[in-house]
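See structure below.
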Amino acid sequence: MKKLLTVAVIAALSSFSSVADESKQLFNNLSYMHLDGGDFGRTTNAYQLSSHYFFEKQAHSGVWDDFGYLNTDSNIGVAYFNYDNTRDLSIAGEWFATPKWFVSAGSADVGHISDDAFVGLGYLFEDKLKVSARYEKHNGTNNRTMLTAEYNHQINETDYLGVTFETKSDFDTWSLSSRYFMHIEGDSFISVDLQHSDYDGFDGTNLIANYYLSRNLSFGAGSYDSDLGIQAKYFFNDKFHLGGSIIDFDGGEVYQLSFTAQY
């Protein structure tokens, strides 16, 4: 009976598909993370529920979880995070006052928004280069100014190369990330994500590649600062998908499951 119910649920989700317009504005995600001992101190769990709304429809790049590299429309996102005895509600958004100029604001902990918040200002060049500066106020640590530059090179209708550089104003903390997305043939695509970060002399590099076998299934693998990670996603249709990953850190394992609903 349980197997029949499972099949029925999958069939119902798969049939809930848009025939014509697959663009989306609202992205909701529920994720569960299990931290298994080691350097994490002990085995524990974490949960996150997030929602991200765009004021304009977002077209995907050929797969149902990629909607281009740059955010060029006004948007707002909220997230609730529960880890051990920590419970945080965060909010962040961008508002394009003109097609070029935008402002940003948010807080990683709404309950202490007066001690943990940011405001920023940015400019969009030709829908290709997005530069911004933001001032961050943090409780218990020094306030800081962050500078960000994001560039998207659109190779063709689907393929692109995106690069982001972010640094603290004194350059003691910085990160450089890049994403390459390419259509292979039919419904097959590949993405490669590379990130290098330096936080006051402590650096790390992540490299992850994903292969989309079809519109319904993808597999990925990579290195998280020399530790192995694998991941997979199953897409019921353009609205719903499941994801899972395992990262084998030296100090312990991290298991993650997620469900996404986008409209």
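The values are calculated or read from the model by the stated rules, or taken from the named source; none is laboratory data. This structure is a prediction, so every number in the text was calculated from the model and none was measured. No Cβ is skipped: glycine too gets one built from the backbone with ideal geometry, and neighbour counts run over all protein chains shown. What goes into the accessible areas is simple: the full protein's heavy atoms, side chains included, and nothing from ligands, DNA or RNA. Shrake-Rupley method; radii C 1.70, N 1.55, O 1.52, S 1.80 Å.
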Discussion item. From the Cα trace of region 128-193, what convex hull volume per residue do you get, rounded to a whole Å³?
Written reply: 105
Worksheet item: Hey, which of these cross-link pairs are over 26 Å Cα-Cα: LYS57/LYS100; LYS24/LYS233; LYS100/LYS168; LYS100/LYS239?
Response: LYS100/LYS239
Worksheet entry | Value of relative contact order over region 139-247, rounded to a whole percent, pairs C-alpha under 8 Å and six or more apart | 14
Practice prompt. Rank these by accessible area, largest first, 1.4 Å probe: ILE208, ILE155.
Written response: ILE155, ILE208
Worksheet item: By a straight-distance test (C-alpha under 20 Å), which aspartates and glutamates pair with LYS137 as possible cross-link partners, with residues fewer than eight away in the same chain excluded?
Response: ASP88, GLU94, ASP109, ASP115, ASP116, GLU166, ASP170, ASP172, ASP200
Practice prompt. Specify which labelled value, from [x] 19.5, 62; [y] 18.2, 53; [z] 19.5, 65, agrees with Rg and Dmax of the Cα atoms in Å derived from the coordinates of the model shown.
Written response: [x]
Discussion item. What does the extension gain come out to for PHE219 and ASN82, with contour length at 0.36 nm per residue minus their alpha carbon separation?
Written reply: 46.6 nm
Practice prompt. Before rounding to the nearest 500, sum -39500 (n - 2.57) across all DSSP H runs of length at least 4 in the chain and divide by the residue total; then give [θ] at 222 nm in deg cm²/dmol.
Written response: -1500 deg cm²/dmol
Worksheet item: When the label point is put 7 Å from the Cα of ARG144 along its Cα-to-beta-carbon vector, which residues of region 198-216 have a backbone N closer than 12 Å?
Response: 198-202
Worksheet item: For the chain, modelled as a GNM with alpha-carbon contacts under 10 angstrom, which of ASN82, ASN28, ASN156 fluctuates the most?
Response: ASN156
Discussion item. When only alpha-carbon atoms are used, what values of Rg and Dmax, in angstrom, describe region 188-263?
Written reply: 14.3, 44
Worksheet entry | Environment charge of GLU136, counting only residues whose C-beta is closer than 13 Å and scoring Lys/Arg +1, Asp/Glu -1 | 0
Discussion item. Give me the extension gain from HIS34 to ASP73: residue separation times 0.36 nm, minus the current Cα-Cα distance, reported in nm with one decimal.
Written reply: 10.6 nm
